[in-house]
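Undergrad: One structure, as structure tokens, below. Some questions next.
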Amino acid sequence: MPHPCITAQTFPHKPAIIMGGSGEMVTYRQLDERSNQGAQLFRSLGLKAGDHIALMMENNARFLEICWAAQRSGLIFTPIATHLKRDETEYVLSNCGASLFIGSHPLKEAAIHAKEDASGVEHFLMVGGITDGFDSWEEALSLQAASPIEDEQNGVPMLYSSGTTGQPKGVLVPPPSEEVDTPPMAARLGELFGFGEETVYLSPAPLYHAAPLHYNMMTLYQGGTTVVMEKFDPEGALALIAEHRATHSQWVPIMFIRMLKLRQEVRDRHDVSSMQFAIHAAAPCPIEVKASMIDWWGPVIVEYYAASEGIGATMIDSQGWLTHRGSVGPAVSGELHIVSDDGSELPVGEIGTVYFGGEQAVFHYHQEDEKTAGAYSKEGWATTGDVGYLDEDGFLYLTDRKNFMIISGGVNVYPQEIENLLITHDKVADVAVFGLPCDEFGEKVQAVVQPMNWADATDETAIEIMEWLRERLSHIKLPKALDFHPSLPRLDNGKLYKRHLMEEYKGGSRSDDKPEQ
């Protein structure tokens, strides 16, 4: 598995990175030279192996160049999500202990706020332009030699959880070796998915998320080409697959949903037959959606269930899924356990909290405290807080996150089941379901729908959708109210920032006179 510097010697003019929108191309020689210059720049600023840097940037070619510069400098690099609020960004910068912050000119307002708030950061650089208090990344880079630094060492990312259910948590997986050309464990997935020199990887998601960053770097470790979309667009993704004959890709279910909701003539316009592995994760995929994708793209859809914490993983290919519909597969790392609220292990078919045990249930939170550790471990096992069950074959089925479960009239209601059904309605573009306090039942089920067309955000449509649900759901699961929202707070990694909606409703900022259906 060659480091990009090796590929630069053997195939210097081969495209390493292609930006999907602008068409900008970075060859392996350019990636090697620019990452060398970046490493030289880091050393000139006094950064040594083990130090931290942070970057907040939209998808662009400089993003991966900076990551590779940090990787060959032995630095720990933290991409910061561009959707974070000001206080969340300040927390990440403080928590990771960054000495250098790199922002981008299109996000200069957030970069300025970060500089104002980041008391411990010593150096500030900006890509694509400058503003007060920032030096130009491009100018600083141009002053550096394009040769490797003398003390190259293996650097790694430290990525933060999405914070959908609480404060973001930094997860650090130490490098397997200090040798600069030793790939991380995650990169070895490439062998499983057939990554190699001929791979053309389409990356439709933001690079600051764990999976997109890992898969892009894994592609470049293998000597392949990565095509990075500046921003996901359903038809644009299909067009890029056809144009570049993409062989591999990584998705989240909402992307599948949006591609499937394109008109049939639009879908048929683009040849996707080059795709060999379409990998998806990060959020549960509705059964009808996945079945439709397999029918459309063929048996190339592969799903895994894992987390940045590295506590364990499951995996399932198309053939396995068709015989275990709705499953995320058996464990391929760690051992699966389903645990009740009282701590006892549950038998096949019973729903409880999903834990991984065994040697893989090891991970490190940055500056972890006892409260955090207690929430994520049990007798040497570990969990990300999801709820599900195992079948007789050892295949895992997820029902929801534990803290999203609704208890209405003493009955457990899992919002994911309702969301997976609602998203298949022709007039629904996105949906969130959660519980609200209710004097009679303890909690009531609330649905918030983003319609395909805002003109459909009417009482008549709400009644139509509710009648459609009544034919498919038991009465206890039926939402007590259905509201419309022009845009739900869904992250680009496919996860809903549901707690923001819940806080909005519980805080009384929403009207309480919505029509009860």
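Undergrad: Would you be so kind as to identify which of 262, 125, 49 lies farthest towards the positive end of the dipole of the chain, taking Lys and Arg as +1 and Asp and Glu as -1 on Cβ and the Cα centre as origin?
TA: Selected residue: 262.
Undergrad: Another question about this same structure. Could you pull out every one of the lysines with an alpha carbon less than 25 Å from that of residue 108, ignoring same-chain neighbours closer than 8 positions?
TA: Correct list for residue 108: 85, 169, 231.
Undergrad: What nm distance separates the two modelled labels at residue 348 and residue 147, each placed 7 Å from Cα along Cα→Cβ?
TA: 6.5 nm
Undergrad: Okay, next question. What ³J(HN,Hα) values, in whole Hz, does the Karplus curve 6.51 cos²θ - 1.76 cosθ + 1.60 give for the stretch 410-424 when θ = phi - 60°, with x put for Gly and Pro?
TA: Residue by residue, the stretch 410-424 yields x, 10, 6, 10, 9, x, 4, 4, 6, 4, 4, 7, 4, 5, 7 Hz.
Undergrad: Exposure proxy check: 294, 257, 17 ranked by fewest other beta carbons within 10 Å? Don't skip to the answer; put the middle values down first.
TA: Numbers: 294 17, 257 22, 17 25.
Starting with the residue having the fewest Cβ neighbours, the order is 294, 257, 17.
Undergrad: In nm, to one decimal, how far is the residue 24 label point from the residue 182 one, both placed 7 Å along Cα→Cβ?
TA: Once both label points are built, they end up 3.4 nm from each other.
Undergrad: Quick one: if the Förster radius is 25 Å, what FRET efficiency do residue 504 and residue 467 give, using the C-beta to C-beta distance and rounding to 0.05? Let's see the in-between values first.
TA: On the way: r = 27 Å, r/R0 = 1.07.
Computed FRET efficiency for residue 504 and residue 467 comes out at 0.40.
Undergrad: Please compute the contact order of the chain in relative form: average sequence separation of alpha-carbon pairs under 8 Å and at least six residues apart, divided by the residue count, as a percent.
TA: Details: 1072 pairs, mean separation 51.5, N = 517.
Relative contact order of the chain: 10 percent.
Undergrad: Tell me the label-point distance for the pair residue 85, residue 258, using the 7 Å Cα-to-Cβ offset, in nm and rounded to one decimal.
TA: Inter-label distance under the simple model: 2.4 nm.
Undergrad: For the stretch 75-134, which trypsin sites (Lys or Arg not before Pro) are in a loop by DSSP, counting at most 15 other Cβ atoms within 10 Å? Provide the component values of the computation, followed by the final result.
TA: Numbers: sites: 85, 86, 108, 115; in loops: 85.
Hits after loop and neighbour filter: 85.
Undergrad: Which whole-number percent is the relative contact order of the stretch 63-136 (Cα, under 8 Å, 6+ apart)? Don't skip to the answer; put the middle values down first.
TA: Values: 73 pairs, mean separation 18.8, N = 74.
This gives 25 percent for the stretch 63-136.
Undergrad: If R0 is 51 Å, what FRET efficiency do you get for residue 245 and residue 49 from their C-beta distance, rounded to 0.05?
TA: Details: r = 39 Å, r/R0 = 0.77.
Calculated transfer efficiency: 0.85.
Undergrad: Sticking with this one: Just the number, please: percent antiparallel of the DSSP beta bridges in the chain, rounded to the nearest 5.
TA: Working: 44 of 82 bridges.
DSSP beta bridges in the chain are roughly 55 percent antiparallel.
Undergrad: Then there's this: Could you calculate the contour length gain from residue 454 to residue 403, that is, 0.36 nm times the residue separation minus the distance between their Cα atoms, to one decimal place in nm?
TA: So the extension gain works out to 15.3 nm.
Undergrad: Could you give the spread of the C-alpha atoms of the chain along their three principal axes, from largest to smallest, in whole angstroms?
TA: Reported extents, whole Å, longest axis first: 69, 49, 48.
Undergrad: Under 17 Å Cα to Cα from residue 115, which aspartates and glutamates show up? Leave out anything in the same chain fewer than 8 places away.
TA: 87, 88, 90, 132, 135
Undergrad: Still on this model: Using Cα pairs under 8 angstrom and six or more residues apart, how large is the relative contact order of the stretch 4-227, in percent?
TA: Values: 429 pairs, mean separation 47.5, N = 224.
This gives 21 percent for the stretch 4-227.
Each value in this text was obtained by applying a stated rule to the coordinates, not by laboratory testing. Please read all numbers here as calculations on a predicted model, not as lab measurements. FYI the Cβ positions are ideal-geometry reconstructions off the backbone, even for glycines, and counts take in every protein chain you see.
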